[in-house]
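K.L.:
Before anything else, here's the structure in question.
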Amino acid sequence: MSMLHTVNKSPFEKDSMNSCLRLSADGSSILLIEDGVFAAQEGTVVSDSVKEAMKSKKVYALQEDINARGVQGKVMDGIELVDYAGFVKLVTEHDKVQSWV
Amino acid sequence: MSVTKKFLYVNRRAPYGTIYAWESLEVVLIGAAFEQDVALAFVDDGVYQLAKGQDTKGIGMKNFSPTYSALGDYDINKIYVEKESLEARGLTLEDLQHLVWEDEDEDWAEKDSIQVVTSAELADLMEQQDVVLSF
């Protein structure tokens, strides 16, 4: 069992995503929700750091929050999109959840 | 006699995650009734407010993005989007809604409302305002 990290702040506005990437262990999972989903976008100033993290961590993003913000179709390869049921499933599959609020 | 002032609304937050974007739009529409010289700037995550294709069904919140297309009818036709903010987010003008207004001095010709401006240009625009409201 590993940890699930959730990030709900925009990576362009707050440092939460960077802190999460720095302080999450290899093999852990990161779920992007709310304004955190902007980190899932291709071609941004943070895309490279997210791609680097994806070499050792699994990154998910909540489809509903992606759709609300109009960035469907801009999600980078390798990020798995989940719905609310998938969010719950991730929580049950990990032994702890850390929210980078 | 009323004096017309130049108002600039500066929008820096993404929609939905916080209430800022929605509140700004409400204030802009209320302000429009006072016949002031109104302009809107979208910088930082504020550029996402104008993103095309917003679909909020899944999050149970009102999609207020169609309201931006009504701004032209309120004589709000100066909408500045910072180029550097778009670029940092991998976005272009094509990713934003196409907002237009009708120019009554030119037989109601349809014109673009959005102008992409550089940081330096936006800094100058801010200097020219009488009132700047931040959201």
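The values are calculated or read from the model by the stated rules, or taken from the named source; none is laboratory data. Note that this is a predicted model, so its numbers are computed, not measured. Don't worry about glycine lacking a Cβ; one is built from the backbone with ideal geometry, like all the others, and counts go over all protein chains shown.
K.L.:
When segment B:54-68 is examined, which residues are found to be surrounded by fewer than 15 Cβ atoms within 10 Å (Cβ to Cβ) and out of contact with any Phe, Trp or Tyr (no Cβ under 9 Å at 6 or more places or on another chain)?
P.N.:
Once the filter is applied, which keeps residues that are surrounded by fewer than 15 Cβ atoms within 10 Å (Cβ to Cβ) and out of contact with any Phe, Trp or Tyr (no Cβ under 9 Å at 6 or more places or on another chain), segment B:54-68 yields B:K57, B:G60, B:P66, B:T67.
K.L.:
Looking at (1) farther than 27 Å from A:L81 by Cβ; (2) surrounded by fewer than 13 Cβ atoms within 10 Å (Cβ to Cβ), can you tell me which one B:V43 breaks?
P.N.:
Every condition holds for B:V43 apart from (2).
K.L.:
Considering (1) assigned to a helix (DSSP H, G or I); (2) surrounded by fewer than 20 Cβ atoms within 10 Å (Cβ to Cβ); (3) more than 14 Å from chain A (Cβ to nearest Cβ), say which one B:E102 fails and leave the rest.
P.N.:
(1)
K.L.:
Consider B:D73 carefully, then state whether it is part of a helix (DSSP H, G or I), modelled with pLDDT of 95 or more, over 15 Å from B:R12 (Cα atoms) and not β-branched (V, I, T). First the steps, then the outcome.
P.N.:
Working: part of a helix (DSSP H, G or I): yes; modelled with pLDDT of 95 or more: no; over 15 Å from B:R12 (Cα atoms): yes; not β-branched (V, I, T): yes.
Here the answer is no, as B:D73 does not meet what is asked.
K.L.:
Return the residues of segment B:8-38 that are surrounded by fewer than 20 Cβ atoms within 10 Å (Cβ to Cβ) and either assigned to a strand (DSSP E or B) or of a type outside the set (V, I, T) (or both); say none if nothing qualifies.
P.N.:
Scanning segment B:8-38 gives B:Y20, B:W22, B:E23, B:E26, B:L29, B:G31, B:A32, B:A33, B:F34, B:E35, B:Q36, B:D37.
K.L.:
In the set B:D124, B:D45, B:D55, which member is at pLDDT 95 or above, of a type in the set (D, E) and in a loop (DSSP other than H, G, I, E, B)?
P.N.:
Numbers: B:D124 fails: in a loop (DSSP other than H, G, I, E, B); B:D45 fails: in a loop (DSSP other than H, G, I, E, B).
Going through B:D124, B:D45, B:D55 in turn, just one is at pLDDT 95 or above, of a type in the set (D, E) and in a loop (DSSP other than H, G, I, E, B): B:D55.
K.L.:
If A:K14 satisfies every condition in (1) out of contact with any Asp or Glu (no Cβ under 6 Å at 6 or more places or on another chain); (2) more than 19 Å from B:A88 (Cα to Cα) but one, which is the exception?
P.N.:
(2)
K.L.:
Continuing with this model, one more query. For chain A, give me every one of the helices (runs of 4 or more DSSP H) that falls completely inside it and has 3 or more residues that are within 14 Å of another protein chain (Cβ to nearest Cβ), surrounded by fewer than 17 Cβ atoms within 10 Å (Cβ to Cβ) and at pLDDT 95 or above. Break it down into steps so the answer makes sense when it comes.
P.N.:
Values: elements: A:16-23, A:47-53, A:63-68, A:84-93.
The helices (runs of 4 or more DSSP H) meeting that bar are A:47-53, A:84-93.
K.L.:
Residue under question is B:E87, and the condition is that it be assigned to a strand (DSSP E or B) and without any contact (Cβ under 8 Å) to a residue 12 or more places away in the chain; does it hold?
P.N.:
Working: assigned to a strand (DSSP E or B): no; without any contact (Cβ under 8 Å) to a residue 12 or more places away in the chain: yes.
So B:E87 fails the test.
K.L.:
Name the pairs: first residue in segment B:37-59 and more than 7 Å from chain A (Cβ to nearest Cβ), second residue of a type in the set (D, E), Cβ to Cβ under 6 Å, at least 6 apart or on different chains?
P.N.:
What qualifies is B:V43/B:E82.
K.L.:
Just need a number here: residues in segment B:1-31 that are more than 14 Å from every other protein chain (Cβ to nearest Cβ), under 13 Å from the mean Cα position of the chain (by Cα) and not hydroxyl-bearing (S, T, Y).
P.N.:
Total meeting the criteria: 9.
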